[in-house]
1. For the chain, set up a GNM with springs between Cα atoms under 10 Å and report which of ASP47, ASP79, ASP32 has the largest fluctuation.
2. Can you give the net charge of the other residues whose Cβ lies under 15 Å from the Cβ of ASP79, counting K and R as +1 and D and E as -1?
3. Measure nothing but the geometry: give the 0 to 90° angle between the long axis through the Cα atoms of 2-40 and the longest principal axis through the Cα atoms of the chain, rounded to 10°.
4. Report the net charge of residues surrounding ALA143, where surrounding means a beta-carbon distance below 13 angstrom and charges are Lys +1, Arg +1, Asp -1, Glu -1.
5. Would you please name the chymotrypsin sites (Phe, Trp or Tyr not before Pro) within the range 84-136 that are DSSP coil residues with at most 10 other C-beta atoms within 10 Å of their C-beta?
6. Going by alpha carbons, how many degrees (0 to 90, nearest 10) lie between the helix axis of 107-134 and the longest principal axis of the chain?
7. I'd like the carbon and sulfur percentage of the solvent accessible area for the range 111-157, probe radius 1.4 Å, heavy atoms only, ligands and nucleic acids excluded.
8. To the nearest 20 debye, what is the magnitude of the charge dipole of the chain about its Cα centre, counting +1 on the Cβ of each Lys and Arg and -1 on the Cβ of each Asp and Glu?
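The values are calculated or read from the model by the stated rules, or taken from the named source; none is laboratory data. None of these values were measured; they are calculated from a predicted model. Cβ placement follows ideal geometry from the backbone for every residue including glycine, while neighbour counts extend to all protein chains displayed. Heads up: the accessible areas ignore ligands, DNA and RNA and are worked out on the full protein's heavy atoms, side chains in. Shrake-Rupley method; radii C 1.70, N 1.55, O 1.52, S 1.80 Å.
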Amino acid sequence: MSAPTEAVSERDAQATVLAVLLGVSLSHFLNDTLQSLLMSIYPMLKDNFSLTYGQVGLITFVFLCTASLLQPVVGIVTDKRPMPYSLPVGMGASLCGLVLLAYAPNFPVVLLSAGLIGLGSSIFHPEASRVARAASGGRFGFAQSVFQVGGNAGGAVGPLLAAAVVAPLGQQSLIWFSALALLGVVVL
């Protein structure tokens, strides 16, 4: 008699694992969409602030240094002590960077916003990867693949959204994308 109960429990567990995996993949999609928006609006930022190519390169430098070089540090910390709450905190940092970028009055504020978006990403990725692995149900390759699909799709959609919304409506229209970051916080 206990076999049907165990089968139901196993099915429920698998459904929960899949829901967590899809949630973290959706969040990865949203996070990487926001990241790719920044690089997609370089021509607009260059025109709006009369930037040199060196200054545009500096935006990239600040963004990528915070997004990548901080990730191992976050990974070391969260390996020792998992911090699932850091996921919405990371998305919140990206949200702050995006709002700041929408209303940036000058180049230093653009750099600060790029740093915040990168910081959010560096906080998000290690812990989200850990959650994807934990939700794998032992299917590590499948879990990592689903997680990566979210991020890659977000990286592809961001430039399209920038072309469709930000290019015709201007820098302040970036504020509309704060809804994506808020959705990410809710999902996480």
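1. ASP47
2. Numbers: positive: LYS80, ARG81, ARG130, ARG133; negative: GLU127.
Surrounding charge for ASP79 is +3.
3. Relative to the chain, helix 2-40 is tipped by roughly 10 degrees.
4. Details: positive: ARG130, ARG133, ARG139; negative: none.
Result for the neighbourhood of ALA143: +3.
5. On the way: sites: TYR85, TYR103, PHE124; in loops: TYR85, TYR103.
Listed in order of number, the matching sites are TYR85.
6. The helix 107-134 is inclined about 10 degrees to the chain.
7. Working: 1220 of 1830 Å².
Carbon and sulfur together cover 67 percent of it.
8. Numbers: 7 positive and 7 negative charges, 41 e Å.
Here the size comes out at about 200 debye.
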